[in-house]
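A.B. asks: A single structure is presented below for examination.
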Amino acid sequence: MDEEAIWGLVRVFVPLSFLSIGGGPSILAEMEHQTVAVHGWLTQRDFVDIFAISRAAPGPGTLIVTLIGWKVAGWLGALAASLALYIPSSLVVLGATLLWRRYREAVWRQRIARGLAPVAIGLIFAGAYAVLEAMHGGALAWLTAAAAAGLLLLRPLHPMLLLGGAAAIYGFIFPFMPV
Amino acid sequence: MGQQALRPAAVPLREIALVFSRIGISSFGGGLVAWIYREAVERRRWLPDREFLSGLALSQVLPGANMVNLALYLGMQLRGGWGALAAVLGLLALPILVIIAMFEIYARLRGLAAAHFILDGIATAALGLNIATGVKAMRRSTDAFAVAIALAVFLAVGVLRWPMLAAVLGLAPVSIALAWRAPHG
């Protein structure tokens with residue numbers, strides 16, 4: 001059964017690795033869909049909590065897959081999920097680095113980069129939207145996300161300051177929230 | 001593997017691993033490109049400014065976490081395949097242990113409603129950071145087609161919940177074709 005779960009993790013995260021154009025945030029929507037709705041590894045509640053932990057912890061946000069693997073199948077799951085997410089894209093990057101040196105000034109390379117950028121941007125917004133929906137946090141959740149985005153666009157704040165600030169504010173208002 | 005030392009003497013693999021593990025463990029909240037730049041270009045002079053920036057662009061466009069990709073690129077430039085491995089392992093090893101420890105602490109607090117609520121706060125703020133990243137990237141691209149493509153991808157994947165693979169395979173070629181025809185660039 002464990003073995004089955006581990007292959008399941010590999011089958012979910014290898015394709016996502018190739019699709020993570022522009023970084024982890026672009027596969028967030030699909031990751032949530034696969035782990036919660038398709039495979040039932042996590043509840044929506046688990047996913048939101050794990051997402052929060054992965055963003056508050058050091059290291060890249062994509063380490064969320066390590067936690068998903070850990071939750072599904074312990075150390076082996078963590079290892080399998082991490083390798084499945086990091087190895088395929090890493091091979092692409094290593095290959096591209098070699099090509100990149102050879103065709104440094106090529107026009108086609110710049111055009112492909114320009115064409116992929118809007119896809120990545122759309123995926124980032126899709127990921128934020130999908131997780132905000134999954135949270136069922138109501139107006140407060142949307143307001144918090146909008147406020148954090150707005151603050152960061154106005155000033156170059158350290159991300160940790162915003163995450164810590166949100167934690168402090170939520171901790172403070174919790175006693176006043178309807179149960 | 002094409003190995004080109006950009007500094008006269010080859011950078012030791014241990015130095016690469018150590019520098020990236022320090023960056024990894026102190027990268028709370030993400031977005032530490034500025035710090036990698038300071039270490040790699042300004043302090044250690046591993047490679048010239050332009051090489052760093054083109055690698056940064058590459059790591060943002062290709063699949064994979066941007067920081068991981070940048071580590072791979074820099075490691076590769078310094079010491080080929082082994083350098084890339086040293087950089088990535090250095091970057092990820094400690095954070096993996098820390099994040100699992102944090103999860104275990106959370107698993108013990110799970111029963112507390114307040115813990116969930118505070119994590120909601122952190123998650124929403126983190127989603128706000130993602131949104132800000134998207135908005136900043138949007139501002140940088142001035143093409144009209146870019147806005148339309150970004151909106152189409154958002155609707156397809158985020159709102160309509162179409163399978164991401166199909167949406168990307170369908171829309172990415174259209175986007176690249178439009179970028180090809182766009183006058184400037």
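A.B. asks: Counting each pair of different Cα atoms once, what's the Kirkwood radius of the range B:1-109 in Å, rounded to one decimal? Present the calculation step by step, with values, prior to reporting the outcome.
C.D. replies: On the way: mean 1/r = 0.0699 Å⁻¹.
Roughly 14.3 Å, rounded to one decimal.
A.B. asks: Right, here's the next one. In nm, to one decimal, how far is the A:Arg45 label point from the A:Val14 one, both placed 7 Å along Cα→Cβ?
C.D. replies: 3.5 nm
A.B. asks: What is the average number of partner chain Cβ atoms found within 10 Å of a Cβ in A:10-21?
C.D. replies: Mean number of neighbouring Cβ atoms from other chains: 3.
A.B. asks: Given springs between every Cα pair under 10 Å in a Gaussian network model of chain B, which of B:Arg161, B:Arg22, B:Arg44 has the largest fluctuation?
C.D. replies: The residue with the greatest mean-square fluctuation here is B:Arg161.
A.B. asks: Please work out how much length the chain gains when fully extended from A:Tyr103 to A:Ala37, using 0.36 nm per residue of separation minus the C-alpha to C-alpha distance, in nm with one decimal.
C.D. replies: Details: separation 66, 0.36 × 66 = 23.76 nm, distance 4.28 nm.
Extending this stretch completely gives an extra 19.5 nm.
A.B. asks: Here is a follow-up. Over the alpha-carbon set of the protein assembly as shown, divide Rg by the Kirkwood Rh and report the Rg/Rh ratio to two decimals.
C.D. replies: Values: Rg = 19.9 Å, Rh = 20.8 Å.
Radius of gyration over Kirkwood radius for the protein assembly as shown works out to 0.96.
A.B. asks: What's the average, rounded to a whole number, of partner chain beta-carbon atoms within 10 Å of each residue's beta-carbon in A:129-138?
C.D. replies: 4
A.B. asks: Another question about this same structure. Of the listed peptides B:103-109, B:164-170, what is their order by residue-averaged count of other C-beta atoms within 10 Å, with the highest listed first? Provide the component values of the computation, followed by the final result.
C.D. replies: Values: B:103-109: 12.7, B:164-170: 17.9.
Ranked from most to least packed, the peptides come out as B:164-170, B:103-109.
A.B. asks: Percent relative contact order of chain B, based on C-alpha pairs within less than 8 angstrom and at least six residues apart? Please report the intermediate quantities before stating the final value.
C.D. replies: Working: 142 pairs, mean separation 39.9, N = 185.
Worked out over chain B, it gives 22 percent.
A.B. asks: Using modelled backbone amide H atoms (1.01 Å from N, in-plane), which distant-in-sequence or interchain residues come within less than 5 Å of A:Ile21's amide H?
C.D. replies: For A:Ile21, whose amide H was placed from the backbone, the distant partners under 5 Å are B:Gly64.
A.B. asks: Whole percent per 5 Å bin, from 0 to the bin with the longest distance: what is P(r) over all C-alpha pairs of the range A:2-136?
C.D. replies: 2, 10, 18, 22, 19, 12, 8, 6, 3, 1
Values quoted throughout were computed directly from the atomic coordinates according to the rules given, and no laboratory measurement underlies them. In this text the structure is predicted, and so the values were computed from the model without any measurement. All Cβ positions, even for glycine, are placed from backbone atoms using ideal geometry, and neighbour counts span all protein chains on display.
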